[in-house]
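Trainee: Right, I'll just put the structure down here and ask away after.
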Amino acid sequence: MVGLAYFAGSIMVLVGVFSVVAGIAAIFKSNVYVFRGNYIFMWNVTGWGWVHLILGILVFLAGLAVFSGQPWARAIGIVLAVLSAIVNFMFLPYYPIWTVLIILLDVMIICALTMYNREAAGSRRPPVT
């Protein structure tokens, strides 16, 4: 079960880096993303860039914290993965394939963090005879 926490932490670091790069691209080069269709969550691309940059930094730091094995780090990781999935869903018309990929990674993070059980991981002691 400890492997699930390391997996989730690694994916969180990866998603955080991806979000930071996407945010920087949107902030400095707003014509990188092209809006497709009519969508209710239509912000300017620079605003979305700041959202992705800040969220990416938070997800990255939470991913590093998950490696500590602390319950608060897992809880923050789950909350940030849910928030990342929601933000990427709202960003869907700007970059559809990329956002679906990030949403899938967020779901994998949530699954791995909710399945991790520190007590079960620590109970690998030999049986008492």
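Trainee: Restricting to segment 79-115, name every residue that is among the hydroxyl-bearing types (Ser, Thr, Tyr), assigned to a helix (DSSP H, G or I) and in contact with a Phe, Trp or Tyr (Cβ under 8 Å, 6 or more places away or on another chain). Working first, answer last.
Mentor: Residues of segment 79-115 that are among the hydroxyl-bearing types (Ser, Thr, Tyr), as a first pass: 84, 94-95, 99, 114.
Restricting the remaining residues to those that are assigned to a helix (DSSP H, G or I) gives 84, 99, 114.
Across segment 79-115, the qualifying residue is only Thr99.
Trainee: Follow-up. Of the residues that make up segment 24-34, is at least one at pLDDT 90 or above and not in a loop (DSSP other than H, G, I, E, B)? Write out each step before concluding.
Mentor: So in segment 24-34, the residues at pLDDT 90 or above come out as 24.
Narrowing further to those that are not in a loop (DSSP other than H, G, I, E, B): 24.
Looking for residues that are at pLDDT 90 or above and not in a loop (DSSP other than H, G, I, E, B), one finds at least one in segment 24-34, hence yes.
Trainee: Something else now. Looking at segment 60-75, I want the residues that are on the phi > 0 side of the Ramachandran plot and have a partner that is β-branched (Val, Ile, Thr) and in a helix (DSSP H, G or I) with Cβ atoms under 9 Å, at least 6 apart or on another chain. Which pairs are those?
Mentor: Matching pairs, first to second residue: Gly69/Val2.
Trainee: When you look at Leu80, is it surrounded by fewer than 21 Cβ atoms within 10 Å (Cβ to Cβ) and either closer than 27 Å to Thr46 by Cα or out of contact with any Lys or Arg (no Cβ under 8 Å at 6 or more places or on another chain) (or both), yes or no? I'd like the intermediate steps shown before the answer.
Mentor: Working: surrounded by fewer than 21 Cβ atoms within 10 Å (Cβ to Cβ): no; either closer than 27 Å to Thr46 by Cα or out of contact with any Lys or Arg (no Cβ under 8 Å at 6 or more places or on another chain) (or both): yes.
So Leu80 does not fit the description; no.
Trainee: For segment 1-13, name all the residues that are in contact (Cβ under 8 Å) with a residue 60 or more places away in the chain, surrounded by fewer than 16 Cβ atoms within 10 Å (Cβ to Cβ) and assigned to a helix (DSSP H, G or I).
Mentor: Val2, Tyr6
Trainee: Which of (1) over 11 Å from Phe91 (Cα atoms); (2) at pLDDT 85 or above is the odd one out, the single condition Gly49 does not satisfy?
Mentor: (1)
Trainee: Only one of these is at pLDDT 90 or above, hydrophobic (A, V, I, L, M, F, W, C), surrounded by 19 or more Cβ atoms within 10 Å (Cβ to Cβ) and under 15 Å from Ala5 (Cα atoms): Val59, Val107, Val87. Name it. I'd like the intermediate steps shown before the answer.
Mentor: Values: Val107 fails: surrounded by 19 or more Cβ atoms within 10 Å (Cβ to Cβ); Val87 fails: under 15 Å from Ala5 (Cα atoms).
The conditions single out Val59.
Trainee: Sort out which residues of segment 90-111 are within 15 Å of Gly23 (Cα to Cα) and over 9 Å from the mean Cα position of the chain (by Cα), and write them in order of number.
Mentor: Met90, Phe91, Leu92, Tyr94, Tyr95, Trp98, Thr99
The values are calculated or read from the model by the stated rules, or taken from the named source; none is laboratory data. Source: prediction; values computed, not measured. Cβ atoms come from the backbone with ideal geometry, glycine included; neighbour counts cover every protein chain shown.
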